[in-house]
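Visitor: Below are the C-alpha cells for one structure; questions will follow.
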Amino acid sequence: MSKVLAIITGSSKGFGKAIAEEIVKGNPNKNQLIDLVLFARSLDGLKSTKESVETISTNAKVIDLQSLDMSNIPDVELKFKSVLENIKWEEYSKICFFNNHGTLYHLGRIEDFSDYKNIQKDNDINTTSFVVTTSLLVKKLKELGSQYSPEVTIINSSSLCAIKAFPTWSLYCSSRAYRDMFFQSLSLEYKSNDKFKVLNYSLGILDTDMQNQVREECSEEDKSFYVGLKNDGKLINPNRSASICTNLVYSNKFETGSHLDYYDLDK
C-alpha cells in the first residue's frame, strides 16, 4: 500500500507538533502507513514530537528528525537537500510539506527600530529559509520525473497578518505577506498539474509560546486585548486548528493558492 509522507518544519512544539499529531490522527484511511520527517531547532523537542506521534498509531513512523537553525541559510540548504536525497520517494502516493517554522520578530514602531542585525536574522528565518526549503522540495520532485506523480500538497502556516496590517507588527505582517504571495506564485507555476496544490492556511490565534511572547512585548494599548484572550479562554488549542488544516489536506477540497482562515472553517 502506498504511504503518506509528511515533512514538517518547526515541529518541536506548538502548531508544528500539533500538525505532526493530527496528520496521523486525521488520516481517513486508518490502515495507511504515514512517515514523517521533522525539522526544528530543539532536538529534545523533536524527540518529544516523535514519541507523541508514534504513540498515537503504530502506522506512524518518524523516519528522520533534524535539528536545524533556519537563520543559517547555508546549513539549511545543505541539510534539507541531504534529507530529501535520502527519502525513498517511490513509496509515497501522497506528499505533504508543512512549511511552518517562523519567529515573531520585534514588536514596535518602525521609528524605534535599531537592532538591524537581528532583523536580518529573523528575515532569514521567516522568508529566506522558507524560499530555500520550498524551492529544494519542488526541484527534487521535478528531478524524479513524470513517471512519478504523487498527490502533493504544500502548506504555509499563515496568519491574518498576511492580508491585514497592524501597527507595531510591521515586520511580522510583511514577512507573512511575503510568504503568502510566494505561495500564490508557486500555485500559478503549477496550475496545469492538478495533483499539485498549494495552501496558505491562517492558523487563528493559538494558545502557544508565541502568545506568551506577544503578551510580554506588545504595546500597552494592545496588552489588555491579548491578556483578555488568554483569560477568557478564547485562544485556540493548536491541535484544534491543526485538525482543520489536516482535514483540508486529506480532502483536497480547496483551490490551489488560496488563503483559508481557521475562523471561517471551524463552523
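The values are calculated or read from the model by the stated rules, or taken from the named source; none is laboratory data. Since the model is a prediction, treat every value here as computed from it, not as a measurement. Cβ: placed from backbone, ideal geometry, glycine included. Neighbour counts: every protein chain shown.
Visitor: Inspect segment 205-220 for any residue being more than 30 Å from residue 45 (Cα to Cα) and not acidic (Asp, Glu) and give the result as yes or no.
Guide: The answer is yes; a qualifying residue exists.
Visitor: Could I ask something else about it? How many residues are part of a loop (DSSP other than H, G, I, E, B), out of contact with any helix residue (DSSP H, G or I) (no Cβ under 7 Å at 6 or more places or on another chain) and among the small types (Gly, Ala, Ser) if we restrict to segment 87-107?
Guide: Looking only at that region, the number is 0.
Let's see how each residue does on (1) outside any helix (DSSP H, G or I); (2) at pLDDT below 95:
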site	(1), (2)
166	yes, yes
172	no, no
186	no, no
199	yes, no
222	no, yes
228	no, yes
245	no, no
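Visitor: While we're on this one: With respect to residue 201, is the statement that it is of a type in the set (Ser, Thr, Tyr), closer than 30 Å to residue 85 by Cα, in contact (Cβ under 8 Å) with a residue 24 or more places away in the chain and surrounded by fewer than 20 Cβ atoms within 10 Å (Cβ to Cβ) true? Break it down stepwise before answering.
Guide: On the way: of a type in the set (Ser, Thr, Tyr): yes; closer than 30 Å to residue 85 by Cα: yes; in contact (Cβ under 8 Å) with a residue 24 or more places away in the chain: yes; surrounded by fewer than 20 Cβ atoms within 10 Å (Cβ to Cβ): no.
Criteria not met by residue 201.
Visitor: When you look at residue 129, is it under 21 Å from the mean Cα position of the chain (by Cα), surrounded by fewer than 16 Cβ atoms within 10 Å (Cβ to Cβ) and either within 24 Å of residue 182 (Cβ to Cβ) or without any contact (Cβ under 8 Å) to a residue 12 or more places away in the chain (or both), yes or no?
Guide: No; evaluated as a whole, the condition is false for this residue.
Visitor: Can you find even one residue in segment 47-61 that is touching a residue at least 40 places away in the same chain (Cβ under 8 Å), among the β-branched types (Val, Ile, Thr) and either touching a strand residue (DSSP E or B) at 6+ places or on another chain (Cβ under 8 Å) or not in a loop (DSSP other than H, G, I, E, B) (or both)?
Guide: No, the conditions are met nowhere in segment 47-61.
Visitor: Is it true that residue 206 is over 21 Å from residue 155 (Cβ atoms) and either crowded, with 20+ Cβ neighbours inside 10 Å or under 16 Å from the mean Cα position of the chain (by Cα) (or both)? Let's see the steps before the verdict.
Guide: Values: over 21 Å from residue 155 (Cβ atoms): no; either crowded, with 20+ Cβ neighbours inside 10 Å or under 16 Å from the mean Cα position of the chain (by Cα) (or both): yes.
No; evaluated as a whole, the condition is false for this residue.
Visitor: Looking at residue 157 and the list (1) in contact with a strand residue (DSSP E or B) (Cβ under 6 Å, 6 or more places away or on another chain); (2) under 24 Å from residue 255 (Cβ atoms); (3) crowded, with 17+ Cβ neighbours inside 10 Å, which single condition is not satisfied?
Guide: Result: residue 157 passes all but (1).
Visitor: Are there any pairs with C-beta distances below 6 angstrom linking a residue in segment 167-180 that is closer than 14 Å to residue 109 by Cα to a residue that is crowded, with 20+ Cβ neighbours inside 10 Å, with the two at least 6 apart or on different chains, and if so which?
Guide: Listed pairs, sorted by first residue: 171/105; 172/105.
Visitor: How about segment 125-164: which of its residues are of a type in the set (A, V, I, L, M, F, W, C), farther than 23 Å from residue 263 by Cβ and not in a helix (DSSP H, G or I)? Write out each step before concluding.
Guide: Initial filter on segment 125-164 (of a type in the set (A, V, I, L, M, F, W, C)): 125, 130-132, 136-138, 141, 144, 152, 154-155, 160-163.
This time we only want the ones that are farther than 23 Å from residue 263 by Cβ, so: 125, 130-132, 136-138, 141, 144, 152.
Within segment 125-164, 144, 152 meet the criteria.
Visitor: Return a yes/no flag: does segment 65-74 have any residue that is within 17 Å of the chain's Cα centre (by Cα), surrounded by 14 or more Cβ atoms within 10 Å (Cβ to Cβ), in a helix (DSSP H, G or I) and modelled with pLDDT of 95 or more.
Guide: From segment 65-74, those within 17 Å of the chain's Cα centre (by Cα) are 65-71; that's our starting set.
From what's left, surrounded by 14 or more Cβ atoms within 10 Å (Cβ to Cβ): 65-71.
Those still in the list that are in a helix (DSSP H, G or I) too: none.
Looking for residues that are within 17 Å of the chain's Cα centre (by Cα), surrounded by 14 or more Cβ atoms within 10 Å (Cβ to Cβ), in a helix (DSSP H, G or I) and modelled with pLDDT of 95 or more, one finds none in segment 65-74, hence no.
Visitor: Something else about it: Which one of these is within 24 Å of residue 161 (Cβ to Cβ) and among the small types (Gly, Ala, Ser): 114, 52? Don't jump to the end; show me each part of the working.
Guide: Details: 52 fails: within 24 Å of residue 161 (Cβ to Cβ).
Within the list 114, 52, the selection yields 114.
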